[in-house]
Each structure stands twice: as C-alpha cells, then as structure tokens.
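Take a look at the structure set out below.
The values are calculated or read from the model by the stated rules, or taken from the named source; none is laboratory data. Only a predicted model underlies this, so the values are computations on that prediction, with no experimental measurement involved. Because the Cβ atoms are built from the backbone with ideal geometry, glycine has one as well, and the counts that use them run over all protein chains shown. Heavy atoms of the whole protein, side chains included, go into the accessibility calculation; ligands, DNA and RNA do not. Shrake-Rupley method; radii C 1.70, N 1.55, O 1.52, S 1.80 Å.
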Amino acid sequence: MDEELHEMIREVVRSIPRGRVATYGDVADLSRAPSPRLVGHVLNQDGHDLPWHRVLRANGTCAPHIADTQHQLLREEGVAVADGKIDLRTYRWEDAVTEKAEEPPGLW
DNA sequence: CGGCTGACTGATT
DNA sequence: CAATCAGCCAGCC
C-alpha cells in the first residue's frame, strides 16, 4: 500500500526545522513522492498536526485559502513574509540539499 | 474505462 | 511580472 509514502511525506514535513521552509517539490523529492501534487493532497487530508505552514510553492508563495494562516505562523517562527511571499533564497530548507545553510537574519 | 480537479513545477512567450 | 503550455499523479464522478 502507498500508506508508507503517505507517512513519509508527513515525516519530511515534520522534519523541517523551525524558522525554515521547503517547497512542495522538495518535500516530494525527499519523501520520494512521484509528484508534488501528492504532497499537497496529503497535507490537505492529514496535515492537521503537521507544520504544513512551512511548505510553500516553488516561487515562495502559497495557496490562497491558507495564505493568511501560513504567513501568520511563519512570522511567529521568525520567517520574514514580504507581500505574501517568502524569501526562499534565505529561508529555504537547504539542509535537504546540503548546499549551504547560512543563518537567516534577525531570527531568534 | 474516461475525464476533471487540485495546497505543484518549470520552461517559454 | 503575467499568461500559457505541458508534464505530473491520486482521487472522485
């Protein structure tokens, strides 16, 4: 059953560090999901106890129906939200790609 | 079995 | 920066 994938996606989302964000594509890749759409679907169904607000679209924005809450929660964690968009180049969860994790500005 | 939808992405114009 | 197109996959009718 693909239930394992389902759990995997939730695990990845839960692994996102505080003050950082990830894109659907990243989560999909880390959870070996076949496509980012599955991530969205899973979060919609079982993302109630997950930090789904740390998952955004590739351009730094998020879905309209959750955007309001999303921005609010992110700000609580110290993530700067500018005009409904997050600066991915600064806050993107880079530990996943092991490129370079530079410290975000005024955080904590 | 076929078609539409969606918390998506990337490239192109 | 906005609009379009084409892949992508699961779920519902």
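Determine the dipole magnitude for chain A: charges of +1 sit on the beta-carbon of Lys and Arg, -1 on that of Asp and Glu, nothing else is charged, the reference point is the Cα centre, and the result goes in debye to the nearest 20. Kindly include the intermediate steps, with their values, before the conclusion.
Details: 13 positive and 19 negative charges, 64 e Å.
It comes to approximately 300 debye.
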Separation of the residue A:11 and residue A:66 label points, Cα + 7 Å toward Cβ, nm = 2.1
ask   = How many Å² of accessible area per residue for the stretch A:3-96, probe 1.4 Å?
value = 53
ask   = Using the alpha-carbon atoms, what tilt in degrees (0 to 90, nearest 10) does helix A:36-46 show relative to the longest principal axis of chain A?
value = 90
message = If I model a spin label as a point 7 Å beyond the Cα along the Cα-Cβ vector, how far apart are those points for residue A:95 and residue A:44 in nm?
response = 2.9
query = Roughly speaking, what is the centre-to-centre gap between the stretch A:63-93 and the stretch A:23-46 when only Cα atoms are used, to the nearest Å?
reply = 18
query = For the residue pair residue A:18 and residue A:80, what label-to-label distance in nm results when each label sits 7 Å from Cα along the Cα-to-beta-carbon direction?
reply = 2.1
